[in-house]
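Participant: Sharing a structure, written as structure tokens. Questions coming.
The values are calculated or read from the model by the stated rules, or taken from the named source; none is laboratory data. Just so we're clear, the structure is a prediction, and the values are computed from it rather than from any experiment. Methodologically, a virtual Cβ is constructed for each residue, glycine included, from the backbone with ideal geometry; neighbour enumeration extends over all protein chains shown.
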Amino acid sequence: MDRDLPVTDIQWMTEAVDASLGQARLRTWLLGLFGALALALAAIGIFGVVSYSVSCRTHEIGIRMALGATRASVLRLILRESAKPVLLGLALGIPAALALGRFLSSLLFGVRSSDPLTLGSVAILLTLVAIAASAIPARRATKVDPMVALRYE
């Protein structure tokens, strides 16, 4: 090489690595953002459906409590009924995620598309979010006064 040639485009190694990984980081950040948005929308939807179901069943809940049902049994009833669609969704969603995961494998870095730890942790997270979204209306249902609920309709 010629020693008299000027050196151009000098940059730190960290800057070169950051420039080469910029697109991948943007895609990862967008996937995380859309995933968090989907999780929030799912929680809001579950909350809305369970709240509507509880408000439609106020009379029934009042009768149950007047006949001796405890608050814990009413809470379990509503949480059990709201958990059924969540578990069905997980039973259908996990195989679908495994089947369609190979299409997203180009966007995943350091994680296989069928990583059991990732799928399991996401399933647990979705279940916990669904339980939390259902717990608020279920807890509200346990506070129903039987006399008020019986006069409701």
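Participant: Only residues that are hydrophobic (A, V, I, L, M, F, W, C) and surrounded by 18 or more Cβ atoms within 10 Å (Cβ to Cβ): list them for region 54-68, please. Don't jump to the end; show me each part of the working.
Facilitator: At the first step, the residues of region 54-68 found to be hydrophobic (A, V, I, L, M, F, W, C) are 54, 56, 61, 63, 65-67.
Scanning region 54-68 gives 54, 61, 65.
Participant: Which residues, counting only those in region 1-45, are surrounded by fewer than 10 Cβ atoms within 10 Å (Cβ to Cβ) and hydroxyl-bearing (Ser, Thr, Tyr)?
Facilitator: 8, 14, 20
Participant: Scan 96, 133, 149 and give me the residue that is part of a helix (DSSP H, G or I) and modelled with pLDDT under 85. Show your work before the answer.
Facilitator: Values: 96 fails: modelled with pLDDT under 85; 133 fails: modelled with pLDDT under 85.
Result of the check over 96, 133, 149: 149.
Participant: Moving on to the next point. Output the residue which, of all residues in region 130-152 that are surrounded by 17 or more Cβ atoms within 10 Å (Cβ to Cβ) and within 12 Å of residue 47 (Cα to Cα), is nearest to the chain's Cα centre (by Cα).
Facilitator: By that ranking, first place goes to 130.
Participant: Separate question: Please list, ordered by first then second residue, the pairs with beta carbon atoms under 8 Å, 6 or more apart or interchain, first in region 42-61 and basic (Lys, Arg), second assigned to a helix (DSSP H, G or I).
Facilitator: 57/141
Participant: All but one of (1) of a type in the set (A, V, I, L, M, F, W, C); (2) free of Cβ contacts under 8 Å to residues at least 12 places away in the same chain; (3) assigned to a helix (DSSP H, G or I) hold for residue 69; which doesn't?
Facilitator: (3)
Participant: I'd like the full set of residues that are touching a helix residue (DSSP H, G or I) at 6+ places or on another chain (Cβ under 8 Å) and within 22 Å of residue 104 (Cα to Cα), limited to region 25-48.
Facilitator: Within region 25-48, 27, 28, 31, 39, 42 meet the criteria.
Participant: Conditions first: (1) surrounded by fewer than 13 Cβ atoms within 10 Å (Cβ to Cβ); (2) more than 30 Å from residue 29 (Cα to Cα); (3) basic (Lys, Arg). Residue 102 passes all but one, so which condition is the exception?
Facilitator: (2)
Participant: Looking at 102, 112, 80, 76, which one is farther than 23 Å from residue 40 by Cβ and outside any helix (DSSP H, G or I)?
Facilitator: Values: 102 fails: outside any helix (DSSP H, G or I); 80 fails: outside any helix (DSSP H, G or I); 76 fails: outside any helix (DSSP H, G or I).
Result: 112 is the single residue among 102, 112, 80, 76 that is farther than 23 Å from residue 40 by Cβ and outside any helix (DSSP H, G or I).
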